[in-house]
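Report on the following structure.
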Amino acid sequence: MANHISALDSWLLGHVFFPRRVFFPAKSELFRGGFSRLFFRLLGAFPVVRGRHSERIMRKITEISHNGTILMHPEGTRSIDGKVQKGMRGIGK
């Protein structure tokens, strides 16, 4: 888990600290356009609908965690001032 201050945090943290590919949930709005969908998937992101529990996403996270690394940002959004914000309820539920 990590604080989230830029759009590239997950990718940068993953490549600096982990020897294997890192995957991370990202808000589904980032996957609307063709280029952005491809870009974020190449970074290791997969779309989630914020505020909604999804058994499919939980299975995906479990499956990836067997052989890969999942990076989560419990705040659910970027921190504008760089300070740790309150975590979203249900993270990793």
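The values are calculated or read from the model by the stated rules, or taken from the named source; none is laboratory data. Given the structure is predicted, the values throughout are model-derived calculations rather than measurements. Backbone-built Cβ (ideal geometry, glycine too); neighbour counts: all protein chains shown. Please note that ligands, DNA and RNA were not included when accessible areas were found on the heavy atoms of the full protein model with its side chains. Shrake-Rupley method; radii C 1.70, N 1.55, O 1.52, S 1.80 Å.
Tell me yes or no: at least one residue of the range 26-40 is open to solvent by 100 Å² or more (accessible area, probe 1.4 Å), over 15 Å from the mean Cα position of the chain (by Cα) and either at pLDDT below 85 or of a type in the set (Phe, Trp, Tyr) (or both). The answer is yes, given that some residue of the range 26-40 is open to solvent by 100 Å² or more (accessible area, probe 1.4 Å), over 15 Å from the mean Cα position of the chain (by Cα) and either at pLDDT below 85 or of a type in the set (Phe, Trp, Tyr) (or both).
Restricting attention to the range 55-85, the residues that are modelled with pLDDT of 80 or more and surrounded by 14 or more Cβ atoms within 10 Å (Cβ to Cβ) add up to 8.
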